[in-house]
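These notes are about the structure you will find just below.
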Amino acid sequence: MMKFKTAIICACLFLASPALAQTNVNLGGINADPSAPVEITADNLSVEQESRTAVFQGNVVLGQGDLRLAANRVQVFYNEASGDIGRLVASGGVTFVTPSEAAEAENAEYNLDQGTLVMSGSVLLTQGATVISADSMRVNLSDGSAQMNGRVKTIFGQGNN
């Protein structure tokens, strides 16, 4: 009996480990077209031709199709071969919104070349009545799948849809 209790306690401690906590989330409605036009508005813009980057600061709002991203600062990295936007790095209270989901985090990287969105730092995802928090979230925008890692907490809003 004592071995059984010890095994249960060890299993609970193992499953509660923040480094190993993760869950898969299907974001369903998030399907982005990386070739769609990107519109960015901000209080300030600085461009560095040599490094092929641009920095938007202050009340930054980015739109691409149904996707909306807001942050205090967004750095744009242009693809050397095509000259198109390759990736965006957002910081300073990032909010990401689609018609069916909303996510908040300290930082985010939207890679248009790879079709991924990675949010990190106190991530909070809301899907209808369900709320999920984690240390980070990686979304594959081509199929809408996501993985959340690091002390994942989920609150299922039963019957509140």
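Candidates in region 42-78 are the residues that are touching a Gly at 6+ places or on another chain (Cβ under 7 Å) and among the hydrophobic types (A, V, I, L, M, F, W, C); of these, the one that is nearest to D113 (Cα to Cα) is F77. Of the strands (runs of 3 or more DSSP E) that lie entirely inside region 54-147, those containing 2 or more residues that are among the basic types (K, R) and either farther than 14 Å from I40 by Cβ or without any contact (Cβ under 8 Å) to a residue 40 or more places away in the chain (or both) span 67-78.
Residues are listed down the side, and each one gets a yes or a no for (1) small (G, A, S); (2) open to solvent by 50 Å² or more (accessible area, probe 1.4 Å); (3) in contact with an Asp or Glu (Cβ under 6 Å, 6 or more places away or on another chain); (4) on the phi > 0 side of the Ramachandran plot:
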residue	(1), (2), (3), (4)
G63	yes, no, yes, no
D66	no, yes, no, no
S82	yes, yes, no, no
G86	yes, no, yes, no
V89	no, no, yes, no
G92	yes, no, no, yes
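If you check S82 against the conditions, is it among the hydroxyl-bearing types (S, T, Y) and under 24 Å from N149 (Cβ atoms)? Spelling it out, it is not the case that S82 is among the hydroxyl-bearing types (S, T, Y) and under 24 Å from N149 (Cβ atoms).
Given the conditions (1) under 15 Å from the mean Cα position of the chain (by Cα); (2) among the charged types (D, E, K, R); (3) over 25 Å from I132 (Cα atoms), which single one is not true for D113? All conditions pass for D113, except number (1).
Which of the residues belonging to region 42-54 are within 25 Å of N140 (Cα to Cα) and either among the β-branched types (V, I, T) or loosely packed, with under 14 Cβ neighbours inside 10 Å (or both)? Matches in region 42-54: T53 only.
Among the residues of region 128-147, those identified as over 11 Å from the mean Cα position of the chain (by Cα) and either open to solvent by less than 40 Å² (accessible area, probe 1.4 Å) or on the phi > 0 side of the Ramachandran plot (or both) are G128, A129, T130, I132, S133, G144.
The values are calculated or read from the model by the stated rules, or taken from the named source; none is laboratory data. Quantities reported herein were computed from a predicted structural model and do not represent experimental measurements. Cβ atoms come from the backbone with ideal geometry, glycine included; neighbour counts cover every protein chain shown. To get the accessible areas, we keep the full protein, side chains included, count just its heavy atoms, and leave off ligands, DNA and RNA. Shrake-Rupley method; radii C 1.70, N 1.55, O 1.52, S 1.80 Å.
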